[in-house]
1. Looking at segment B:143-151, is at least one residue in a helix (DSSP H, G or I), under 19 Å from B:Thr203 (Cβ atoms) and open to solvent by 10 Å² or more (accessible area, probe 1.4 Å)?
2. In segment B:49-81, what residues are of a type in the set (D, E, K, R), within 14 Å of chain A (Cβ to nearest Cβ) and open to solvent by 60 Å² or more (accessible area, probe 1.4 Å)?
3. Report yes if A:Ser316 is open to solvent by 10 Å² or more (accessible area, probe 1.4 Å), within 14 Å of chain B (Cβ to nearest Cβ) and hydroxyl-bearing (Ser, Thr, Tyr), otherwise no.
4. Checking A:Ala192 against (1) farther than 26 Å from A:Ala34 by Cβ; (2) buried (at least 18 other Cβ atoms within 10 Å of the Cβ), which single condition isn't satisfied?
5. Which of the residues spanning segment B:102-117 are within 14 Å of another protein chain (Cβ to nearest Cβ) and open to solvent by less than 20 Å² (accessible area, probe 1.4 Å)?
6. Can you work out which of the residues in segment A:127-154 that are farther than 22 Å from A:Glu84 by Cβ and surrounded by 15 or more Cβ atoms within 10 Å (Cβ to Cβ) is modelled with the highest pLDDT?
7. Do we find a residue being hydroxyl-bearing (Ser, Thr, Tyr) and open to solvent by 20 Å² or more (accessible area, probe 1.4 Å) anywhere in segment B:82-101?
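The values are calculated or read from the model by the stated rules, or taken from the named source; none is laboratory data. This is a predicted model, so every value here is computed, not measured. Glycine also receives a Cβ, built like all others from the backbone with ideal geometry; neighbour counts cover every protein chain displayed. Just the protein is used for accessible areas: all its heavy atoms, side chains included, with ligands, DNA and RNA removed. Shrake-Rupley method; radii C 1.70, N 1.55, O 1.52, S 1.80 Å.
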Amino acid sequence: MFRNVLLQALKTPASLSMLSMEGWDVLVRQARAAGLLSRLSHQLQGMGLANVVPPQIRWHFEAADTLALKQLTAVRRELLAIQEALADLPGPVVVLKGAAYVAARLPNAEGRLFNDIDLLVPRAQLSQAESALMLAGWHPAPLSDYDRRYYRRWMHEIPPLQHAIRETVIDLHHAILPETARYRPDPSQLFARAVALSDWPGLAVLSPEDRILHSATHLFHDGELAHGLRDLSDLDLLIRDAAARDANFWMQLAKRADTLQLGRSLYYALRYTRHFLDTPMPDTVLEMLRPAAPARLTRALMDAVFSRALLPDHASCDGSCTPVARLAAYVRAHWLRMPAHLLIPHLLHKALISPHLESRHT
Amino acid sequence: MKLLQLPAADLRQQLAGSGIWLRTGPFSIRLRSRIADVATGLADLYGQFEVRNPREVFADFHVSIEPQTGVRRWVRPQAQFSFDGFQPFKPLPRDQAFPMLEWGLNWCVSTHAHQYLIIHAAVVEKDGRAAILPAPPGSGKSTLAAALSLSGWRLLSDELTLIDRKTGLVHPLPRPVSLKNQSIDVIRQFAPDVFINKPAHDTVKGTVAHLRPPRESVRRQHEPARPGWVIFPKWEPGIAAQLTPRSKAQTLIFLAQNAFNYSHLGTSGFQVAASLIDGVECHDFRYSALPDAIAAFDALASHAPLSA
């Protein structure tokens, strides 16, 4: 009954003044499951609508803001430590995703929850960066031999590094997509346009267009959709912010997607941000992306999958086809990451052998 | 309406169906369970608490405690606690379902309610002043809090001291008092007429039973109290009850380390904890016999507060 109440709230916050208590009961839970409680809170505050939240419910939003602020502070502190640890690296050291939104003071940094810090360095500097981070206290988290080999051989990042005391996790990348992916933009093109941060000497972020393309690629090439709607909301805010700053943004974005061979990811990003969050965009951009768009049948299938899999991972959003859609999104992401002769043995290992090893360890 | 006004059959049916809506202190809970022990535990211990039709109202925490499905249920039946579809703990044997519910509710509060500084401490009140009893597990804080709450002090909580970040006041969260191992018999001997439910054996904390919270505590569950003392109790055999002053700085550091969410609150966490410590007397307290302990607490309460 309130299946889309969170989407409704994100699209038209003013409509919340009409929401019943039963609706609020579902909204707070969907937002919490999607990791969007504090983002919604910031949107309401920004629009002067904080008072639409019934008084007995406000503490949920305030508590979420408290946690989000704590994470924001923690990310800043980690960035300082990273800045210091990697000071001798020739660089550039590019901060990606959530931590980049914090470093570049983008509107979607406030109220966001963070899992780990993603860094991108030139491949030739990878081992130097890894050693420097290890000296500063970040060590490889325990992994099975299979997973370690899988990372080193096929992935675009090394196994996660965890800080021995603060337990924060860094994902150190040398590319934005795996070695085995169908399309793999040359990282040197990303470094060429990276923007140095005056607040954070030694650190950089991707250019506004590349940031959006990376976020889109990550969302539509990644099997973990537990935060799918949060990532889609990031895209929505990144797009709105960049479009407001630069009149040529849309043209540059479409051209850049073409150059980096990421047109398909951008097509999906625009299709689903518009579908779910009413992100404003000129039709001409979608027109320009037509060569990269999927065939009609593929598109229908993708709509069927993503219209379900991107909803919050909460019982009130689940229809009878949701589990199938989530599984399909997971398999598809892996399919895009690696060719079949690698993928099938990998999924079999994950399904049959990994759970057995884990149960032996616990 | 109070839970005790709900016929047992209706309670079981609602719990197994759309759930019951229950209020404890500042929080509302929607609870579902098909486990008979959970319905019994609620009927035994939560009789004085307010219930409502869950369809009409918002609930802060949606929780369930349900039997595990699968082959295992025939071999070793288990119970699983869920918070809105998320399982924060591993399942436990079915006969620990009720203690698991209590631990689960504590988890809900301590991981979400950041409008409070949440200290791991029992807290009781007399004449408007609250005595906060933080202490490591096994020091007898729940036992002492239980005995005080049966002797003219109002039970605010046996586990979670909620300090309102805006007002600095302690908000009550009266729920059944968790008694472990020897404490169960100690309280039975101390007050033979009180109700203690059926113990669950071999839990991670040993044998656990719950004392029904005093009626007056539940009736006044929305009435906050000003912090008056922070007292570290320690039970020792064969000594006279003795109260000794304790360093405020050390107490502040201990509270910070024993708060569930101190680090989440940033500067505000420090300010709330520091102004709490500024306004209270801090003591260490060693005792053997509960009547002596209560006499010592009553003597404290009868003195005029230093700071007022």
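1. yes
2. If the condition is that a residue be of a type in the set (D, E, K, R), within 14 Å of chain A (Cβ to nearest Cβ) and open to solvent by 60 Å² or more (accessible area, probe 1.4 Å), then B:Arg52, B:Arg55, B:Glu56, B:Arg72 are the ones that fit.
3. When the stated conditions are applied, A:Ser316 passes them.
4. Exception for A:Ala192: condition (2).
5. Result: B:Cys108, B:Val109, B:Ser110, B:Ala113, B:His114, B:Tyr116, B:Leu117.
6. Ranking the qualifying residues of segment A:127-154, first place goes to A:Asp147.
7. No, segment B:82-101 contains no residue that is hydroxyl-bearing (Ser, Thr, Tyr) and open to solvent by 20 Å² or more (accessible area, probe 1.4 Å).
A quick yes/no check of all residues on (1) outside any strand (DSSP E or B); (2) within 11 Å of the chain's Cα centre (by Cα):
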| site | (1), (2) |
| --- | --- |
| B:Thr161 | no, yes |
| B:Thr167 | yes, no |
| B:Pro174 | yes, yes |
| B:Leu179 | no, yes |
| B:Gln189 | yes, no |
| B:Pro192 | yes, no |
